[in-house]
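J.: One structure, as C-alpha coordinates, below. Some questions next.
The values are calculated or read from the model by the stated rules, or taken from the named source; none is laboratory data. Given the structure is predicted, the values throughout are model-derived calculations rather than measurements. When we count neighbours, we look across all protein chains shown, and the Cβ atoms used for this are built from the backbone with ideal geometry, even at glycine. The protein model used for the area step is the full one, side chains on, heavy atoms only, and it has no ligands, DNA or RNA in it. Shrake-Rupley method; radii C 1.70, N 1.55, O 1.52, S 1.80 Å.
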Amino acid sequence: MAIRPIAQRTLTVGRLAVEVYARRAEMGRAAAFDVAARMRALMAKQPHVRMVFAAAASQNEFLATLAEQENLDWSRVEAFHMDEYIGLDVDAPQSFGTFLREHLFDLVHPGRVEYIDPDADDPDDEAERYADLLDERPIDIVCAGIGENGHMAFNDPHVADFDDPDIAKVVDLDEVSRMQQVHDDAFATLEEVPESAVTLTMPTLMSAGAVYCIVPGPSKAKAVRRTLEEAIDEECPATVMRRHANAILYLDRDSAARIQAPAAGA
(Lines give C-alpha, C1' and ligand atoms only; values in the text may rest on other atoms or scores of the structure.)
Protein backbone atom coordinates (compact mmCIF):
# COMPACT_ATOMS: atom_id res chain seq x y z
CA MET A 1 0.00 0.00 0.00
CA ALA A 2 1.38 3.40 -1.00
CA ILE A 3 2.28 5.71 1.85
CA ARG A 4 1.91 9.48 1.79
CA PRO A 5 5.33 11.18 1.86
CA ILE A 6 6.24 13.24 4.91
CA ALA A 7 7.21 16.89 4.49
CA GLN A 8 10.71 18.01 5.47
CA ARG A 9 9.33 21.30 6.71
CA THR A 10 5.93 22.81 7.38
CA LEU A 11 4.89 26.35 8.14
CA THR A 12 1.83 28.57 8.07
CA VAL A 13 1.83 32.02 6.49
CA GLY A 14 -1.35 33.92 7.20
CA ARG A 15 -3.93 31.16 6.70
CA LEU A 16 -1.87 29.35 4.06
CA ALA A 17 -0.36 25.98 4.99
CA VAL A 18 3.03 25.33 3.38
CA GLU A 19 4.71 21.94 3.04
CA VAL A 20 8.25 21.48 1.73
CA TYR A 21 9.46 18.13 0.38
CA ALA A 22 12.96 16.90 -0.38
CA ARG A 23 12.11 15.90 -3.93
CA ARG A 24 9.64 16.94 -6.58
CA ALA A 25 8.17 13.43 -6.88
CA GLU A 26 7.39 13.34 -3.15
CA MET A 27 5.74 16.76 -3.37
CA GLY A 28 3.48 15.64 -6.20
CA ARG A 29 2.56 12.39 -4.47
CA ALA A 30 1.69 14.14 -1.20
CA ALA A 31 -0.57 16.61 -2.99
CA ALA A 32 -2.30 13.77 -4.88
CA PHE A 33 -2.91 11.82 -1.66
CA ASP A 34 -4.45 14.92 -0.07
CA VAL A 35 -6.65 15.79 -3.05
CA ALA A 36 -7.88 12.19 -3.28
CA ALA A 37 -8.74 12.21 0.43
CA ARG A 38 -10.72 15.43 -0.03
CA MET A 39 -12.54 13.94 -3.02
CA ARG A 40 -13.53 10.86 -1.03
CA ALA A 41 -14.76 12.97 1.87
CA LEU A 42 -16.89 15.10 -0.44
CA MET A 43 -18.30 12.07 -2.26
CA ALA A 44 -19.45 10.70 1.07
CA LYS A 45 -21.82 13.63 1.49
CA GLN A 46 -22.68 14.99 -1.98
CA PRO A 47 -23.49 13.52 -5.40
CA HIS A 48 -20.77 15.28 -7.42
CA VAL A 49 -17.39 16.93 -6.91
CA ARG A 50 -16.57 19.97 -9.03
CA MET A 51 -12.85 20.42 -9.71
CA VAL A 52 -10.65 22.87 -11.60
CA PHE A 53 -7.21 21.77 -12.81
CA ALA A 54 -4.09 23.62 -13.90
CA ALA A 55 -2.35 22.36 -17.03
CA ALA A 56 1.44 22.65 -16.84
CA ALA A 57 4.54 20.53 -16.57
CA SER A 58 4.72 21.50 -12.89
CA GLN A 59 1.65 19.33 -12.33
CA ASN A 60 2.99 16.14 -13.94
CA GLU A 61 3.88 14.17 -10.81
CA PHE A 62 0.73 15.26 -9.04
CA LEU A 63 -1.57 14.31 -11.92
CA ALA A 64 0.14 10.96 -12.49
CA THR A 65 -0.27 9.98 -8.85
CA LEU A 66 -3.85 11.25 -8.68
CA ALA A 67 -4.74 9.08 -11.68
CA GLU A 68 -3.43 6.04 -9.79
CA GLN A 69 -5.45 6.58 -6.62
CA GLU A 70 -7.89 3.83 -5.71
CA ASN A 71 -11.48 4.09 -4.48
CA LEU A 72 -12.27 7.26 -6.40
CA ASP A 73 -15.51 7.33 -8.37
CA TRP A 74 -14.46 9.63 -11.20
CA SER A 75 -17.90 9.26 -12.78
CA ARG A 76 -19.06 11.70 -10.09
CA VAL A 77 -16.44 14.32 -10.91
CA GLU A 78 -17.19 17.45 -12.94
CA ALA A 79 -13.87 18.70 -14.31
CA PHE A 80 -12.83 22.10 -15.65
CA HIS A 81 -9.54 23.71 -16.58
CA MET A 82 -8.51 27.13 -15.42
CA ASP A 83 -7.22 28.75 -18.60
CA GLU A 84 -6.68 28.30 -22.32
CA TYR A 85 -4.84 30.08 -25.10
CA ILE A 86 -6.74 31.95 -27.80
CA GLY A 87 -6.03 31.06 -31.40
CA LEU A 88 -4.72 27.50 -31.12
CA ASP A 89 -6.28 24.53 -32.83
CA VAL A 90 -8.43 22.63 -30.36
CA ASP A 91 -6.15 19.58 -30.68
CA ALA A 92 -2.86 21.47 -30.61
CA PRO A 93 -0.34 19.84 -28.26
CA GLN A 94 0.12 23.16 -26.44
CA SER A 95 -3.61 23.43 -25.68
CA PHE A 96 -4.29 23.07 -21.98
CA GLY A 97 -7.33 20.98 -22.74
CA THR A 98 -5.14 18.58 -24.71
CA PHE A 99 -2.64 18.46 -21.86
CA LEU A 100 -5.29 17.52 -19.30
CA ARG A 101 -6.85 14.95 -21.60
CA GLU A 102 -3.51 13.22 -21.98
CA HIS A 103 -2.32 13.52 -18.39
CA LEU A 104 -5.56 12.88 -16.50
CA PHE A 105 -8.97 12.86 -18.15
CA ASP A 106 -8.34 10.03 -20.62
CA LEU A 107 -6.90 7.97 -17.75
CA VAL A 108 -9.70 8.42 -15.19
CA HIS A 109 -12.74 9.34 -17.35
CA PRO A 110 -14.56 11.98 -15.28
CA GLY A 111 -18.33 11.93 -15.60
CA ARG A 112 -18.27 15.46 -17.00
CA VAL A 113 -15.44 17.44 -18.56
CA GLU A 114 -15.91 20.99 -19.80
CA TYR A 115 -13.28 22.51 -22.10
CA ILE A 116 -12.52 26.09 -23.06
CA ASP A 117 -12.43 26.27 -26.86
CA PRO A 118 -9.11 27.86 -27.94
CA ASP A 119 -10.45 28.34 -31.47
CA ALA A 120 -13.79 29.94 -30.62
CA ASP A 121 -14.98 32.60 -33.06
CA ASP A 122 -15.56 35.11 -30.26
CA PRO A 123 -13.29 34.65 -27.21
CA ASP A 124 -15.42 36.96 -25.05
CA ASP A 125 -18.49 34.85 -25.79
CA GLU A 126 -16.48 31.72 -25.01
CA ALA A 127 -15.41 33.18 -21.66
CA GLU A 128 -19.04 33.97 -20.87
CA ARG A 129 -20.16 30.47 -21.89
CA TYR A 130 -17.56 28.89 -19.65
CA ALA A 131 -18.45 31.23 -16.80
CA ASP A 132 -22.07 30.12 -17.00
CA LEU A 133 -21.00 26.48 -16.67
CA LEU A 134 -18.85 27.24 -13.64
CA ASP A 135 -21.62 29.27 -12.07
CA GLU A 136 -24.04 26.33 -11.97
CA ARG A 137 -22.75 25.15 -8.59
CA PRO A 138 -19.86 26.01 -6.24
CA ILE A 139 -16.35 24.77 -7.02
CA ASP A 140 -15.17 22.19 -4.51
CA ILE A 141 -11.48 21.85 -5.35
CA VAL A 142 -8.93 23.88 -7.29
CA CYS A 143 -5.64 22.19 -8.20
CA ALA A 144 -3.31 25.03 -9.14
CA GLY A 145 0.24 26.17 -9.73
CA ILE A 146 2.07 29.48 -9.58
CA GLY A 147 3.74 31.15 -12.55
CA GLU A 148 7.19 32.69 -12.61
CA ASN A 149 5.57 36.14 -12.28
CA GLY A 150 3.33 35.00 -9.40
CA HIS A 151 0.28 34.46 -11.57
CA MET A 152 -2.41 31.85 -10.98
CA ALA A 153 -4.13 30.64 -14.13
CA PHE A 154 -3.42 33.53 -16.53
CA ASN A 155 -4.06 36.24 -13.97
CA ASP A 156 -0.79 38.02 -14.67
CA PRO A 157 -0.01 41.00 -12.42
CA HIS A 158 -1.24 43.56 -14.94
CA VAL A 159 -4.71 41.95 -15.22
CA ALA A 160 -5.19 40.26 -11.82
CA ASP A 161 -8.04 41.67 -9.72
CA PHE A 162 -8.85 40.25 -6.31
CA ASP A 163 -12.32 41.82 -6.59
CA ASP A 164 -12.93 40.92 -10.23
CA PRO A 165 -16.69 40.79 -10.97
CA ASP A 166 -16.14 38.27 -13.78
CA ILE A 167 -15.94 34.50 -13.41
CA ALA A 168 -13.83 34.11 -16.56
CA LYS A 169 -12.42 36.69 -18.93
CA VAL A 170 -10.16 37.30 -21.91
CA VAL A 171 -6.70 38.62 -21.00
CA ASP A 172 -3.50 39.73 -22.71
CA LEU A 173 -0.47 37.79 -21.49
CA ASP A 174 2.64 39.55 -20.27
CA GLU A 175 6.05 38.63 -21.64
CA VAL A 176 7.21 36.85 -18.47
CA SER A 177 4.17 34.61 -18.61
CA ARG A 178 4.68 33.89 -22.29
CA MET A 179 8.40 33.25 -21.84
CA GLN A 180 7.61 30.69 -19.14
CA GLN A 181 5.93 28.60 -21.82
CA VAL A 182 9.23 28.55 -23.70
CA HIS A 183 11.09 27.58 -20.52
CA ASP A 184 8.61 24.71 -20.12
CA ASP A 185 9.35 23.57 -23.70
CA ALA A 186 5.74 24.06 -24.76
CA PHE A 187 6.89 26.41 -27.54
CA ALA A 188 10.26 26.80 -29.25
CA THR A 189 10.30 30.61 -29.30
CA LEU A 190 8.50 33.52 -27.68
CA GLU A 191 7.02 34.51 -31.03
CA GLU A 192 5.12 31.21 -31.20
CA VAL A 193 3.37 31.73 -27.85
CA PRO A 194 -0.16 33.17 -28.16
CA GLU A 195 -0.57 36.68 -26.82
CA SER A 196 -4.01 36.23 -25.24
CA ALA A 197 -6.03 33.66 -23.35
CA VAL A 198 -9.26 32.94 -21.53
CA THR A 199 -8.70 32.61 -17.79
CA LEU A 200 -10.73 32.01 -14.68
CA THR A 201 -10.39 35.07 -12.48
CA MET A 202 -8.79 35.22 -9.03
CA PRO A 203 -12.13 35.39 -7.14
CA THR A 204 -13.30 32.31 -9.05
CA LEU A 205 -10.20 30.34 -8.08
CA MET A 206 -10.37 31.50 -4.47
CA SER A 207 -14.09 30.65 -4.23
CA ALA A 208 -13.23 26.95 -4.13
CA GLY A 209 -13.79 25.04 -0.93
CA ALA A 210 -10.15 23.92 -1.01
CA VAL A 211 -7.09 25.02 -2.98
CA TYR A 212 -4.13 22.69 -3.53
CA CYS A 213 -1.22 24.55 -5.12
CA ILE A 214 1.70 22.47 -6.46
CA VAL A 215 4.88 24.43 -7.26
CA PRO A 216 8.17 22.62 -7.97
CA GLY A 217 11.48 23.70 -9.43
CA PRO A 218 14.15 26.40 -9.18
CA SER A 219 12.45 28.67 -11.74
CA LYS A 220 9.57 29.18 -9.27
CA ALA A 221 11.74 30.01 -6.22
CA LYS A 222 11.42 33.78 -6.59
CA ALA A 223 7.64 33.61 -7.07
CA VAL A 224 7.32 31.36 -4.01
CA ARG A 225 9.34 33.77 -1.88
CA ARG A 226 7.16 36.66 -3.04
CA THR A 227 3.98 34.65 -2.39
CA LEU A 228 4.96 34.06 1.22
CA GLU A 229 6.92 37.18 2.14
CA GLU A 230 5.55 40.15 0.21
CA ALA A 231 2.37 42.11 0.86
CA ILE A 232 -0.88 40.58 -0.39
CA ASP A 233 -1.28 42.43 -3.66
CA GLU A 234 -2.14 41.89 -7.32
CA GLU A 235 1.54 42.53 -8.14
CA CYS A 236 2.00 38.93 -7.01
CA PRO A 237 -1.45 37.38 -7.45
CA ALA A 238 -0.59 34.15 -5.59
CA THR A 239 -0.23 36.11 -2.34
CA VAL A 240 -4.02 36.07 -1.99
CA MET A 241 -3.88 32.39 -1.04
CA ARG A 242 -2.76 33.59 2.40
CA ARG A 243 -6.37 34.70 2.98
CA HIS A 244 -7.97 31.40 1.96
CA ALA A 245 -9.44 29.31 4.77
CA ASN A 246 -8.35 26.00 3.27
CA ALA A 247 -5.32 26.28 0.99
CA ILE A 248 -2.09 24.28 0.92
CA LEU A 249 1.08 25.17 -0.96
CA TYR A 250 3.29 22.17 -1.84
CA LEU A 251 6.96 22.88 -2.57
CA ASP A 252 10.09 20.92 -3.30
CA ARG A 253 13.56 21.84 -2.07
CA ASP A 254 14.29 23.89 -5.20
CA SER A 255 11.13 26.00 -5.21
CA ALA A 256 11.49 26.64 -1.46
CA ALA A 257 15.14 27.67 -1.70
CA ARG A 258 14.58 31.42 -1.29
CA ILE A 259 12.17 31.31 1.62
CA GLN A 260 13.75 33.33 4.40
CA ALA A 261 11.08 33.67 7.09
CA PRO A 262 7.30 33.44 7.37
CA ALA A 263 5.47 36.64 6.55
CA ALA A 264 3.91 38.44 9.47
CA GLY A 265 0.16 37.97 9.49
CA ALA A 266 -2.00 37.85 6.37
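J.: Taking square-rooted eigenvalues a ≥ b ≥ c of the alpha carbon gyration tensor, is the stretch 42-91 rounded, prolate or oblate, where a/c under 1.5 means rounded and, failing that, a/b exceeding b/c means prolate?
T.: Details: a/c = 2.79, a/b = 1.60, b/c = 1.74.
Since a/c reaches 1.5 but b/c is at least a/b, the shape of the stretch 42-91 is classed as oblate.
J.: Now, a different point. Taking a ≥ b ≥ c as the square roots of the Cα gyration tensor eigenvalues, with a/c under 1.5 meaning rounded and otherwise prolate when a/b beats b/c, else oblate, which class fits the stretch 80-216? Intermediate values should be presented prior to the final figure.
T.: On the way: a/c = 1.29, a/b = 1.16, b/c = 1.11.
Since a/c stays below 1.5, the shape of the stretch 80-216 is classed as rounded.
J.: Shifting gears a bit: Quick one: putting +1 on the C-beta of Lys and Arg, -1 on the C-beta of Asp and Glu, what dipole do you get for the chain around its Cα centre, in Debye to the nearest 20?
T.: So the dipole magnitude of the chain works out to roughly 2140 debye.
J.: Of the chain, which part is the longest with no GluC sites (Glu not before Pro) in a loop (DSSP not H, G, I, E, B) and with at most 15 other C-beta atoms within 10 angstrom?
T.: 1-69
J.: Can I ask one more? At a 1.4 Å probe radius, carbon and sulfur cover how many percent of the accessible area of the chain?
T.: That fraction is 47 percent.
J.: Once you sort the root eigenvalues of the Cα gyration tensor of the stretch 153-266 as a ≥ b ≥ c, which label holds: rounded (a/c under 1.5), prolate (a/b larger than b/c) or oblate (the other case)?
T.: Here the stretch 153-266 falls in the oblate category.
J.: Where both partners of a DSSP beta bridge lie in the chain, what percent of those bridges are antiparallel, to the nearest 5?
T.: Antiparallel: roughly 35 percent of the beta bridges in the chain.
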